Amino acid sequence: MTEQTFNSATSEWYYPSDDVVKHARVPDYEAMYAEAERDLEAFWGKMASNLDWYAPWQKVLDQSQAPFYKWFVGGKINIAANALDRHVKTWRKNKLALIWEGEPGDKVTLSYWRLWKETNKFANVLRSMGVRKGDRVTIYMGRIPEIMIAMLACAKIGAVHSVVYGGFSEQALADRIEDAQSKVLVTADGAWLRGNIVRLKDTVDEAVRRSPVVETVIVVKRTGHDVTMEQGRDYWYHDLMGLPIASPNCETEVMDAEDPLFILYTSGTTGKPKGVLHTHGGYSVYTSTTLSCVFDIKDEDRYWCAADPGWITGHSYIVYAPLILGATSVLYEGAPNHPYPDRWWRIVEDYGVSILYTAPTAIRGLMRFGDNWPNRRDLSSLRLLGTVGEPINPEAWRWYNKVIGKETCPIMDTWWQTETGGFMITPMPSVPLKPGSATRPFPGIKVDVVDEHGNPVPTGEDGVLVIQQPWPGMLRTVYGDPDRYVSQYWSTYDKQGWYLTGDTARKDEDGYIWIIGRNDDVIKVSGYRLGTAEVESGLVSHPTVAESAVIAIPDEVRGNVIYAYCILRTGVERSEELKDALKDHIRHEIGPIAVPAKIEFVDALPKTRSGKIMRRVLRARAQGLPEGDTSTLEE
Ligand code: PRX
């Protein structure tokens with residue numbers, strides 16, 4: 001995306017209809033923002049009281065060990081009790097929690113009662129495998145109901161799940177298993193994608209060979225192709241769920257509000273992925289409050305967040321928050337354009353989806369197939385749309401609004417991060433919109449756009465996006481690396497409670513925030529988050545590569561693509577075959593999302609005298625732009 005695309009000076013306003021405002025859960029954003037500003041703790045305390053607690057908290061926010069903030073101190077809670085246990089005591093037990101469709105067209109529906117029973121059974125299976133409170137369990141599967149069951153079962157018994165996105169490959173999975181030290185891994189034989197089988201179990205076998213800390217592998221039979229099962233280590237999910245140990249009654253572990261719920265690895269500025277840690281209490285409060293206000297979920301809604309449960313969007317807004325709110329969710333396994341580009345629109349029509357939440361890259365991808373595909377489907381059930389993951393260009397915004405929303409569905413452009421747990425800068429249905437802007441911060445969230453000294457930059461100018469006070473959904477630490485937590489997020493400015501987002505943004509004359517993109521070594525490809533260092537170390541792990549540098553280059557559909565520059569080892573011949581081999585290597589080691597769109601062999605890389613690669617120079621060169629100041633250039 002070019003910067004002009006986000007020029008707020010030319011932006012248009014979109015006002016919600018009177019009807020939307022009248023029925024919105026939050027009809028007056030300013031009033032709610034002011035309420036939180038008056039008394040932050042009272043505000044979050046009020047939101048927290050919408051949940052079931054085993055014991056109340058003594059203090060809403062403890063800042064005494066900042067930035068190791070504590071929320072709802074002394075409170076006892078379990079997110080699974082809020083997502084499941086409490087609903088089965090009400091009429092909601094018969095309500096659909098989940099409508100699932102597999103890529104080949106198979107369907108499963110689960111009521112709250114059924115989902116609760118299945119979760120209880122699997123929680124008992126995990127307990128019988130020796131999993132205890134605080135133990136880590138790695139989950140690696142496609143978009144099938146069992147991924148939700150596995151996550152909820154871990155939460156129920158107080159185990160900490162670490163879900164690794166099913167699109168990651170061997171080394172990426174092995175690194176994450178190793179860092180979390182998971183003894184149990186839950187996976188599937190395969191997943192369906194574009195009519196093909198993704199052979200998940202093969203990847204698991206190799207990852208576990210590289211990280212042998214795993215003692216037990218539980219395998220859901222999804223695709224049914226032949227897989228190797230290692231005796232004494234590998235068990236079929238359906239076999240275990242048929243045993244007497246899988247009792248449908250399971251006691252929920254009483255957790256402290258600050259006890260860990262999950263680790264989710266995300267890319268940062270070094271090669272080693274960061275284990276972002278979230279907790280039972282604050283995360284439950286934050287995700288459910290934000291979902292309820294922003295997507296305005298009502299009992300009659302059919303809500304579809306088309307992300308993957310393996311990313312934060314899926315954790316927060318497919319699994320936990322919708323269940324806490326007692327919503328009916330749709331989950332679809334496969335590709336948006338399989339077998340035809342109207343698959344998503346058919347799902348909206350078939351299930352009467354009323355709220356659709358997806359990413360700009362998917363919108364742009366589907367937009368390419370033209371208007372006929374969505375126009376042939378009845379999309380009249382939709383009442384709200386959402387987007388997340390990267391800036392949405394106004395052209396895609398307008399198409400989404402016009403062709404999908406028929407100009408009646410406000411678009412919630414939600415800005416947030418793995419680290420923030422939930423929406424941070426976001427409209428609500430009653431808020432006037434500007435295409436391309438995530439609008440203003442959620443009540444209780446204070447943000448600003450500042451320069452390197454922490455001073456606010458003038459309206460309309462680029463600066464660094466900071467969050468200026470803690471919020472309940474914030475990460476609590478980087479798993480096993482508290483120093484990195486402090487240095488990465490809380491130490492750039494000499495101001496207590498300032499969290500560094502890693503994004504560049506701009507604020508317009510109406511206080512609306514326009515996200516420009518990352519200002520660190522994180523690359524967003526199709527909304528997926530990758531670290532330059534991760535891809536570079538993947539390339540260098542190939543025997544022919546001595547050194548490499550990767551950069552992000554703007555792409556019309558995917559937001560960005562990766563360009564890689566490689567210096568080959570002495571004596572290695574440059575060839576097109578080698579480029580293909582390197583792409584294959586990355587596909588195997590990290591995953592298809594990390595494969596560079598282009599690889600170039602070079603003799604040297606532009607570096608500063610201190611040895612830092614000057615990506616700015618590489619980017620300028622790749623795009624044929626002026627290279628700027630190169631006075632510190634060494635090579
Ligand atoms: O650069 C921002 C971009 O995604 C980053 C966070 O990535 P991740 O942790 O993978 O979480 C993505 C899903 C919550 C941010 O630093 N980003 C996210 N949402 C938006 C966005 N950029 C612009 N507009 C958004 N709505």
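Restricting to the range 570-620, give me the number of residues that are in contact with an Asp or Glu (Cβ under 7 Å, 6 or more places away or on another chain), open to solvent by 50 Å² or more (accessible area, probe 1.4 Å) and free of Cβ contacts under 8 Å to residues at least 12 places away in the same chain.
Residues flagged as in contact with an Asp or Glu (Cβ under 7 Å, 6 or more places away or on another chain), open to solvent by 50 Å² or more (accessible area, probe 1.4 Å) and free of Cβ contacts under 8 Å to residues at least 12 places away in the same chain within the range 570-620 amount to 0.
Could you check the range 346-363 and list, in sequence order, the residues that are open to solvent by 10 Å² or more (accessible area, probe 1.4 Å), assigned to a helix (DSSP H, G or I) and either touching a strand residue (DSSP E or B) at 6+ places or on another chain (Cβ under 9 Å) or of a type in the set (A, V, I, L, M, F, W, C) (or both)?
D350, Y351, T361, A362
List every residue pair whose Cβ atoms lie under 7 Å apart, where the two residues are 6 or more positions apart in sequence or sit on different chains, the first residue falls within the range 436-454 and is touching a residue at least 40 places away in the same chain (Cβ under 8 Å) and open to solvent by 10 Å² or more (accessible area, probe 1.4 Å), and the second residue, located anywhere, is away from the ligand (no atom under 16 Å from the Cβ) and not in a loop (DSSP other than H, G, I, E, B).
These pairs meet every condition: D448/P456.
Do we have any residue at all in the range 16-32 that's open to solvent by 60 Å² or more (accessible area, probe 1.4 Å) and over 27 Å from D301 (Cα atoms)?
No: the range 16-32 contains no residue that is open to solvent by 60 Å² or more (accessible area, probe 1.4 Å) and over 27 Å from D301 (Cα atoms).
Search the range 47-76 for residues that are closer than 10 Å to A257 by Cβ and pair each with any residue that is open to solvent by 20 Å² or more (accessible area, probe 1.4 Å) and among the hydroxyl-bearing types (S, T, Y) when their beta-carbon atoms are under 8 Å apart and the residues are at least 6 apart or on different chains.
Sorted first by the residue in the range 47-76, then by its partner, the pairs are K76/Y54.
Looking at (1) within 10 Å of the ligand (Cβ to nearest atom); (2) closer than 18 Å to M32 by Cα, find the lone condition where F442 falls short.
All conditions are met except number (1).
Answer with yes or no whether P626 is farther than 30 Å from L193 by Cα and surrounded by 15 or more Cβ atoms within 10 Å (Cβ to Cβ). Break it down stepwise before answering.
Numbers: farther than 30 Å from L193 by Cα: yes; surrounded by 15 or more Cβ atoms within 10 Å (Cβ to Cβ): no.
So P626 fails the test.
Which pairs turn up if I take residues in the range 295-316 that are more than 16 Å from W100 (Cα to Cα) and look for partners that are assigned to a loop (DSSP other than H, G, I, E, B) and within 9 Å of the ligand (Cβ to nearest atom) with beta carbon separation below 6 Å, at least 6 apart in sequence or on another chain?
Listed pairs, sorted by first residue: T313/A307; T313/V388; S316/G422.
Would you please name the residue that is nearest to the chain's Cα centre (by Cα), looking only at residues in the range 545-585 that are hydroxyl-bearing (S, T, Y) and within 11 Å of P596 (Cα to Cα)?
Here the answer is Y563.
Could you tell me whether any residue of the range 499-515 is in contact with a helix residue (DSSP H, G or I) (Cβ under 7 Å, 6 or more places away or on another chain), within 24 Å of T287 (Cβ to Cβ) and either free of Cβ contacts under 8 Å to residues at least 24 places away in the same chain or open to solvent by 30 Å² or more (accessible area, probe 1.4 Å) (or both)?
Yes: the range 499-515 contains one or more residues that are in contact with a helix residue (DSSP H, G or I) (Cβ under 7 Å, 6 or more places away or on another chain), within 24 Å of T287 (Cβ to Cβ) and either free of Cβ contacts under 8 Å to residues at least 24 places away in the same chain or open to solvent by 30 Å² or more (accessible area, probe 1.4 Å) (or both).
I'm trying to understand the selection: among the residues of the range 381-437, which are of a type in the set (S, T, Y), assigned to a helix (DSSP H, G or I) and near the ligand (Cβ under 10 Å from one of its atoms)?
T418, T420
Taking the stated definitions as given, is D451 touching a Lys or Arg at 6+ places or on another chain (Cβ under 6 Å), farther than 26 Å from P260 by Cβ and modelled with pLDDT of 95 or more?
No, not satisfied.
For the condition open to solvent by less than 40 Å² (accessible area, probe 1.4 Å) and under 25 Å from A81 (Cα atoms), what is the one hit in P322, P394, P341, P374?
The match here is P322.
Just checking: which of the helices (runs of 4 or more DSSP H) contained wholly in the range 162-264 hold 1 or more residues that are out of contact with any Leu (no Cβ under 7 Å at 6 or more places or on another chain) and within 26 Å of V108 (Cα to Cα)?
In the range 162-264, 200-210, 237-241 are the helices (runs of 4 or more DSSP H) which contain 1 or more residues that are out of contact with any Leu (no Cβ under 7 Å at 6 or more places or on another chain) and within 26 Å of V108 (Cα to Cα).
Which residues, taken from the range 476-488, are open to solvent by less than 10 Å² (accessible area, probe 1.4 Å) and either hydroxyl-bearing (S, T, Y) or within 11 Å of the ligand (Cβ to nearest atom) (or both)? Outline the logic, then answer.
So the first thing to find is which residues in the range 476-488 are open to solvent by less than 10 Å² (accessible area, probe 1.4 Å), and the list is 478, 485.
Answer for the range 476-488, where residues must be open to solvent by less than 10 Å² (accessible area, probe 1.4 Å) and either hydroxyl-bearing (S, T, Y) or within 11 Å of the ligand (Cβ to nearest atom) (or both): just Y485.
Of the numbered conditions (1) modelled with pLDDT of 95 or more; (2) open to solvent by 10 Å² or more (accessible area, probe 1.4 Å), T270 satisfies every one except a single condition; which is it?
(1)
Kindly list the number of the only condition in (1) β-branched (V, I, T); (2) under 29 Å from A48 (Cα atoms); (3) in a loop (DSSP other than H, G, I, E, B) that fails for V466.
(3)
If you check P341, P322, which single one turns out to be in a loop (DSSP other than H, G, I, E, B) and on the phi < 0 side of the Ramachandran plot?
P341
Taking the options T459, T492, name whichever one is more than 9 Å from the ligand (Cβ to nearest atom), in contact (Cβ under 8 Å) with a residue 40 or more places away in the chain and open to solvent by 40 Å² or more (accessible area, probe 1.4 Å).
Working: T492 fails: in contact (Cβ under 8 Å) with a residue 40 or more places away in the chain.
Of T459, T492, the one residue that is more than 9 Å from the ligand (Cβ to nearest atom), in contact (Cβ under 8 Å) with a residue 40 or more places away in the chain and open to solvent by 40 Å² or more (accessible area, probe 1.4 Å) is T459.
The values are calculated or read from the model by the stated rules, or taken from the named source; none is laboratory data. Predicted, not measured: the structure shown is a model, and the values here were computed from it. FYI the Cβ positions are ideal-geometry reconstructions off the backbone, even for glycines, and counts take in every protein chain you see. Just so you know, the surface numbers come from the protein's heavy atoms only, side chains and all, with ligands and any DNA or RNA stripped out. Shrake-Rupley method; radii C 1.70, N 1.55, O 1.52, S 1.80 Å.
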